[in-house]
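S.K.: Encoded as structure tokens, here's the structure I'll be asking about.
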Amino acid sequence: FLEYGAEGFTAAVGLIDATGFLDGSHVANDEAGQFINGSLVNNPSIEFPDYTLGGVMSFDGAGLRPSVTVLVGGSSGLDATSTDESNQGVYGIVDGTASGFAWNLRAGVADASVSPVAWFAGAAVEHELMTDLTGGLGVTHTAASDDLGVGFSDSTQGEVYLRYNVSENV
């Protein structure tokens, strides 16, 4: 594993924790305080094991400039066909803020011949409506692999939440 970091930028190559780079978001990463839907918390196109040989570039956001992370990786292990196959994919996440809204976009494309998910895209937004009251809205689309007959079809899901903070700990 080799990592290089400078102000506002990180690049890494080697054994990468894909979900560590791609499922972190200020908007959609906490099923206890934000979205409950798994596809709004994690990217379903990332196959496990999620430690994979690959490379990642991550740019921090500032002001109206969003943060952007792009990862290219591949893994070898059990896949949806219960055989030992290699999977490759390209995955990305973009987070930003504008006019009091925090937003998140994430996507992934995997090898549909070995992955049950061919591609995934999702978007979420969060806004503080008033002191201690926050609202969120998210939508995702997961496209099933046509190659595998994986037992599920394409799925589009949406979720809306309101979170009221009664106190600091509740």
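S.K.: Only one of Gly89, Gly158, Gly136 is modelled with pLDDT of 90 or more, part of a strand (DSSP E or B) and open to solvent by less than 20 Å² (accessible area, probe 1.4 Å); which?
M.R.: Numbers: Gly89 fails: modelled with pLDDT of 90 or more; Gly158 fails: open to solvent by less than 20 Å² (accessible area, probe 1.4 Å).
Answer to the check: Gly136.
S.K.: Now for a separate question. Please state which one of Asp111, Asp146, Asp79 is more than 25 Å from Gln34 (Cβ to Cβ), among the acidic types (Asp, Glu), open to solvent by 70 Å² or more (accessible area, probe 1.4 Å) and at pLDDT below 90. It would help to see each step written out before you state the result.
M.R.: On the way: Asp111 fails: open to solvent by 70 Å² or more (accessible area, probe 1.4 Å); Asp79 fails: open to solvent by 70 Å² or more (accessible area, probe 1.4 Å).
Going through Asp111, Asp146, Asp79 in turn, just one is more than 25 Å from Gln34 (Cβ to Cβ), among the acidic types (Asp, Glu), open to solvent by 70 Å² or more (accessible area, probe 1.4 Å) and at pLDDT below 90: Asp146.
S.K.: Follow-up. I'd like the full set of residues that are more than 20 Å from the chain's Cα centre (by Cα) and either part of a strand (DSSP E or B) or surrounded by 13 or more Cβ atoms within 10 Å (Cβ to Cβ) (or both), limited to region 121-133. Talk me through it step by step, then tell me what you get.
M.R.: Of region 121-133, the ones more than 20 Å from the chain's Cα centre (by Cα) are 128-133.
Residues satisfying the conditions are Glu128, Leu129, Met130, Leu133.
S.K.: Also, quick follow-up: Return a yes/no flag: does region 26-36 have any residue that is under 12 Å from Ile93 (Cα atoms) and of a type in the set (A, V, I, L, M).
M.R.: Yes, region 26-36 contains at least one residue that is under 12 Å from Ile93 (Cα atoms) and of a type in the set (A, V, I, L, M).
S.K.: Let me ask something additional. Here is a list of conditions, (1) under 29 Å from Tyr161 (Cα atoms); (2) touching a strand residue (DSSP E or B) at 6+ places or on another chain (Cβ under 7 Å); (3) open to solvent by 40 Å² or more (accessible area, probe 1.4 Å); (4) modelled with pLDDT of 85 or more, and Leu64 meets all of them except one; can you say which number that is?
M.R.: (4)
S.K.: For region 139-155, what are the residues that are of a type in the set (A, V, I, L, M, F, W, C), touching a residue at least 24 places away in the same chain (Cβ under 8 Å) and not in a loop (DSSP other than H, G, I, E, B)? Please lay out each step first, then the result.
M.R.: Start the filter on region 139-155 by keeping residues that are of a type in the set (A, V, I, L, M, F, W, C), which leaves 139, 143-144, 148, 150, 152.
Subsequent filtering for residues that are touching a residue at least 24 places away in the same chain (Cβ under 8 Å) retains 143-144, 148, 150, 152.
Hits for region 139-155 are Ala143, Ala144.
The values are calculated or read from the model by the stated rules, or taken from the named source; none is laboratory data. Quick caveat: nothing in here was measured; it's all calculated off a predicted structure. Quick reminder, even Gly has a Cβ in these numbers, built from the backbone with ideal geometry, and neighbours come from all protein chains shown. We work out accessible area using only protein heavy atoms, side chains counted, and drop any ligands, DNA or RNA first. Shrake-Rupley method; radii C 1.70, N 1.55, O 1.52, S 1.80 Å.
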